[in-house]
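Inspection log for the structure reproduced underneath, given as structure tokens.
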Amino acid sequence: MGIVELATGTAAVCGGVTAVIGTSAVLWRIERRVRRVATRVLGDEATPGALDRLDEIWREMRPNGGSSLRDVVDRLEARQDRADRALAAHLAAPHP
């Protein structure tokens, strides 16, 4: 084996190793980003994810007998309707 063949073989091996290392680095960065997004969406042991938070919001939008945001809005709407009817009755009544 001559010096040229040895240099060519060494260059090919170095190029292959560099390609493997470069590809591994790119894949590692992609995997890290995917893991970060998945943690934000799904959550982990320490932090609730977006789906957990959306589930909490969804529960607040459904009536549950008094403590949900929907129940509060319904009570306020009923109270406002009563106030509107009382005001309309007061304005419609004859005043001396």
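Summary table
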read-out: Members of the range 41-96 that are outside any helix (DSSP H, G or I) and of a type in the set (S, T, N, Q); value: THR47, ASN64, SER67, SER68
read-out: Filtered residue count, the range 1-19, keeping only those that are of a type in the set (Val, Ile, Thr) and under 51 Å from the mean Cα position of the chain (by Cα); value: 4
read-out: First in the range 32-58 and in the same structural domain as LEU69 (by TED's automatic domain parsing), second anywhere and assigned to a loop (DSSP other than H, G, I, E, B) and surrounded by fewer than 11 Cβ atoms within 10 Å (Cβ to Cβ), Cβ under 7 Å, 6 or more apart; value: none
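The values are calculated or read from the model by the stated rules, or taken from the named source; none is laboratory data. Computed from a predicted model, the values in this text were never measured in an experiment. Cβ atoms come from the backbone with ideal geometry, glycine included; neighbour counts cover every protein chain shown.
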